[in-house]
1. Please work out if A46 is in contact (Cβ under 8 Å) with a residue 40 or more places away in the chain, open to solvent by less than 90 Å² (accessible area, probe 1.4 Å), within 12 Å of I6 (Cβ to Cβ) and among the aliphatic types (A, V, I, L, M).
2. Which ones in the range 50-71 are over 10 Å from the mean Cα position of the chain (by Cα) and either within 9 Å of I9 (Cα to Cα) or assigned to a helix (DSSP H, G or I) (or both)?
3. Here is a check on your reading of the model: is N67 open to solvent by 70 Å² or more (accessible area, probe 1.4 Å) and in contact with a strand residue (DSSP E or B) (Cβ under 7 Å, 6 or more places away or on another chain)?
4. Report, by residue number, each residue of the range 23-50 that is hydroxyl-bearing (S, T, Y) and modelled with pLDDT of 95 or more.
5. For L20, indicate whether it is of a type in the set (A, V, I, L, M), modelled with pLDDT under 95 and not in a strand (DSSP E or B).
6. Which ones in the range 17-32 are touching a residue at least 12 places away in the same chain (Cβ under 8 Å) and either closer than 18 Å to K58 by Cα or surrounded by 10 or more Cβ atoms within 10 Å (Cβ to Cβ) (or both)?
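The values are calculated or read from the model by the stated rules, or taken from the named source; none is laboratory data. Values in this document were obtained by computation on a predicted structure and should not be read as measured data. We place every Cβ from the backbone using ideal geometry, glycine too, and count neighbours over all the protein chains shown. In case anyone asks, the SASA skips ligands and DNA or RNA and just uses the protein heavy atoms, side chains included. Shrake-Rupley method; radii C 1.70, N 1.55, O 1.52, S 1.80 Å.
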Amino acid sequence: MPKTIIKNIQTLYTSTGSSLLKGLSMNQVLVLNDAYIVIQDQYIYALGTGSFDKYLDKDVIIHDAKNAIAIPGLIDSHTHLV
């Protein structure tokens with residue numbers, strides 16, 4: 001599966017680390033300006049700022065975020081009794 005790169009992200013907000021966060025640790029937000037996201041095999045492979053040249057290859061798909069802001073998908077999976 002080809003790599004996908006999302007470039008020209010004005011501001012990228014994401015959590016830090018690789019484990020689930022809860023409580024006060026949820027305040028640890030990484031803020032990156034002029035950012036990119038590299039997706040490979042349906043997972044976020046890398047993210048950063050500046051040049052993403054080291055991730056380029058012949059099969060890469062590049063999407064331009066056009067200076068949009070990127071935040072993690074927020075899923076609130078709860079229900080209320082009717």
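1. On the way: in contact (Cβ under 8 Å) with a residue 40 or more places away in the chain: no; open to solvent by less than 90 Å² (accessible area, probe 1.4 Å): yes; within 12 Å of I6 (Cβ to Cβ): yes; among the aliphatic types (A, V, I, L, M): yes.
In short, no.
2. Of the range 50-71, the ones over 10 Å from the mean Cα position of the chain (by Cα) are 50-69.
Result: D53, K54, Y55, D64, A65, K66, N67, A68, I69.
3. On the way: open to solvent by 70 Å² or more (accessible area, probe 1.4 Å): yes; in contact with a strand residue (DSSP E or B) (Cβ under 7 Å, 6 or more places away or on another chain): yes.
In short, yes.
4. As a first pass, look at the range 23-50 and keep what is hydroxyl-bearing (S, T, Y): 25, 36, 43, 45, 49.
Y36, T49 - these are the residues of the range 23-50 that are hydroxyl-bearing (S, T, Y) and modelled with pLDDT of 95 or more.
5. Numbers: of a type in the set (A, V, I, L, M): yes; modelled with pLDDT under 95: yes; not in a strand (DSSP E or B): yes.
Yes, satisfied.
6. Residues of the range 17-32 that are touching a residue at least 12 places away in the same chain (Cβ under 8 Å), as a first pass: 28-32.
Passing the criteria: Q28, V29, L30, L32.
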